Amino acid sequence: MENSSDITWSVIERLLNGEVVLRKPSFIWIPQPEFCLSSQNVLRSLKEHHLNVWHTFRPTVLAFNRMNIPTDHAQSSGPYDFAICVPTRQRVESLAHIAHAWMNLKPEGFLLFACSNEQGARGYLSYLKEVFPELEAESKSKCRYALLKPDHISHLEILKQWIEAAAAQRIPNSELVGAPGIFGWNKVDRGSELLIETIPVLQGVGADLGSGYGLLSHAVLTRSPEVSALHLVEAESRALDCARINLASFKDKCHFHWQDVTKESLPQELDWVVMNPPFHEGQATNSQLGQFFIDIAARSLKPGGHLYLVANKFLAYEDILDRHFKAKSRIVEKDGFKVIHAQR
């Protein structure tokens with residue numbers, strides 16, 4: 001069965017083979033497309049144009065590259081002949097994509113917005129009508145779509161507000177910044193708080209795997225002056241951009257790696273690793289992701305090196321910890337989380 005993203009991109013594919021006619025070659029901008037069969041088909045069909053696929057999530061970038069579909073993690077400023085916007089899972093982020101595309105179209109350019117009903121098409125169309133009150137969306141295969149042009153904009157200030165809302169911003173009850181669309185951008189998650197409360201003073205060279213905007217790294221460096229180097233490894237480049245801001249006062253000690261932990265080589269012979277590993281792929285729980293992180297951490301540590309991790313209590317990581325580490329202990333179990341220390 002097709003998922004919601006595949007349904008949306010299938011509709012886009014049919015539109016490009018029918019009522020949407022592009023001049024050749026057109027400069028086309030597509031922000032953050034999900035990797036699925038239909039999106040691959042669409043992107044391949046546009047290769048004769050100047051195609052700019054903007055993507056900041058490393059695993060998806062690698063997946064598209066394996067299909068010989070190049071991507072760019074720097075946002076282009078156009079102007080565009082054509083843009084395709086399909087919402088991500090984050091509304092504020094998605095509205096900013098639409099606004100950026102709409103504001104940077106050539107005078108004769110147009111934007112194709114498409115969204116499945118399951119992904120909130122009705123809500124997005126209500127936002128679009130704030131900018132273009134006369135908007136009439138079309139419906140196809142449980143998906144809504146609309147073709148938008150520069151002269152449709154009635155309230156440019158609203159588009160500017162959408163872009164501003166998605167910029168890096170202070171996280172409530174924190175001195176750090178995050179950005180919509182990255183993990184924990186609008187609150188400090190409880191699991192990371194518990195891990196921070198239990199990590200001892202560290203020294204030497206270590207890593208923060210899945211570092212996000214640098215919450216754990218900031219805590220470690222603030223309390224551990226004898227740390228000589230810290231490697232932040234993160235798959236989302238926008239999160240690393242926030243981490244560079246948050247760790248500016250420690251920049252001489254920090255090394256930032258835009259990498260997929262599960263597929264790309266990491267620094268070796270580390271003294272310690274801290275992490276709050278992910279356990280979701282899309283909307284689905286995938287405990288194997290955390291197991292990959294533990295396996296990689298073990299291989300990156302020197303003998304005797306230390307791992308400090310936090311996880312939801314229901315995630316069964318103990319067996320893989322036993323396989324890779326000579327000792328482990330559960331330091332804290334609270335609020336649905338467990339903090340574990342393991343020594344290689």
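Please list, by residue number, every one of the GluC sites (Glu not before Pro) in the range 199-268 that is coil in DSSP and has at most 16 other beta-carbon atoms within 10 Å. Mind showing how you got there, number by number?
Details: sites: GLU226, GLU234, GLU236, GLU264; in loops: GLU226, GLU264.
The qualifying sites are GLU226, GLU264.
Starting from the alpha-carbon convex hull of the range 169-343, give the projected area averaged over all orientations, in nm². Kindly include the intermediate steps, with their values, before the conclusion.
Details: hull surface 36.7 nm².
Over all viewing directions, the range 169-343 projects a mean Cα-hull area of 9.2 nm².
Mind sorting VAL261, VAL201 by how few other Cβ atoms lie within 10 Å of their own Cβ, fewest first? Intermediate results must be reported in sequence, preceding the final value.
On the way: VAL261 26, VAL201 10.
Ordered by Cβ neighbours within 10 Å, fewest first: VAL201, VAL261.
Could you put SER174, SER139, SER39 in order, starting from the residue whose Cβ has the fewest other Cβ atoms within 10 Å?
Numbers: SER174 15, SER139 11, SER39 26.
Sorted ascending by nearby Cβ count, the order is SER139, SER174, SER39.
Which of the GluC sites (Glu not before Pro) found in the range 22-126 are loop residues per DSSP with 16 or fewer other Cβ atoms within 10 Å of their Cβ?
Numbers: sites: GLU34, GLU48, GLU93, GLU108, GLU118; in loops: GLU34, GLU48.
Answer by residue number: GLU48.
Counting pairs of alpha carbon atoms under 8 Å apart in space and at least six apart in sequence, what relative contact order in percent does the range 4-165 give? Display every interim value, and only then the final one.
Values: 274 pairs, mean separation 35.7, N = 162.
It rounds to 22 percent for the range 4-165.
What nm distance separates the two modelled labels at ILE163 and ASP319, each placed 7 Å from Cα along Cα→Cβ?
Placing both labels 7 Å along Cα→Cβ, they lie 5.1 nm apart.
What are the lysines whose alpha-carbon lies under 21 Å from the alpha-carbon of LYS338, with same-chain residues fewer than 8 places away excluded?
Those lysines meeting the cut-off are LYS187, LYS313, LYS326, LYS328.
Name the shape class, rounded, prolate or oblate, that the alpha-carbon gyration tensor gives for the range 114-159, where a ≥ b ≥ c are the square roots of its eigenvalues, rounded holds for a/c under 1.5, and otherwise prolate holds if a/b is larger than b/c and oblate otherwise.
On the way: a/c = 2.84, a/b = 1.84, b/c = 1.54.
It comes out prolate by the Cα gyration axes.
Would you tally the net charge around GLN343, using a Cβ to Cβ cut-off of less than 10 Å, leaving GLN343 out, and scoring K and R as +1, D and E as -1? Please report the intermediate quantities before stating the final value.
Working: positive: LYS326, LYS328, ARG344; negative: none.
That sum, taken over residues with Cβ under 10 Å, equals +3.
Note the full-extension length gain between GLU264 and LEU156 as 0.36 nm times their separation in residues minus their Cα-Cα distance, in nm to one decimal. Walk me through the numbers on the way to the answer.
Values: separation 108, 0.36 × 108 = 38.88 nm, distance 4.25 nm.
Full-extension gain reported as 34.6 nm.
What percent do you get for the relative contact order of the chain when only Cα pairs under 8 Å and 6+ apart count?
Numbers: 663 pairs, mean separation 39.3, N = 344.
Relative contact order of the chain: 11 percent.
Restricting to Cα pairs below 8 Å that are 6+ residues apart, what does the relative contact order work out to for the range 169-343? Please round to a whole percent.
Working: 342 pairs, mean separation 34.4, N = 175.
Over the range 169-343, the number comes to 20 percent.
Under the 0.36 nm per residue contour assumption, what length would be gained going from the current alpha-carbon distance of ASN186 and LYS24 to full extension?
On the way: separation 162, 0.36 × 162 = 58.32 nm, distance 4.24 nm.
Result: 54.1 nm gained on full extension.
What Kirkwood Rh does the range 80-179 have if only Cα atoms enter the pairwise 1/r average? Answer in Å.
Values: mean 1/r = 0.0708 Å⁻¹.
It is 14.1 Å.
Using only DSSP helix segments of four residues or longer, with each worth -39500 (n - 2.57), what per-residue ellipticity at 222 nm results for the chain after dividing by its residue count and rounding to 500? If you can, show how the numbers build up before the last one.
Values: 11 runs with 114 residues, N = 344.
So the helix-based figure for the chain works out to -10000 deg cm²/dmol.
Arranged by the count of other C-beta atoms within 10 angstrom, fewest first, what order do MET103, MET275 take? Intermediate values should be presented prior to the final figure.
Working: MET103 18, MET275 25.
Lowest count first: MET103, MET275.
Return the long-range amide H neighbours of VAL227 (sequence gap of 5 or more, or a different chain), with a cut-off of under 5 Å between placed amide H atoms.
Residues meeting the criterion, in which the H sits 1.01 Å from N, are GLY204.
With Cβ to Cβ distances under 15 Å as the rule, what net charge do the other residues near ASN276 carry (K, R +1; D, E -1)?
Details: positive: LYS187, ARG190, LYS313, LYS334, LYS338; negative: ASP189, GLU193, GLU197, ASP208, GLU234, GLU236, ASP335.
Computed value for this residue: -2.
Quick note: the coordinates plus some simple rules give every number you see, no bench work behind them. Computed from a predicted model, the values in this text were never measured in an experiment. With ideal geometry, Cβ positions are generated from the backbone for all residues, glycine too; neighbour counts draw on all protein chains shown.
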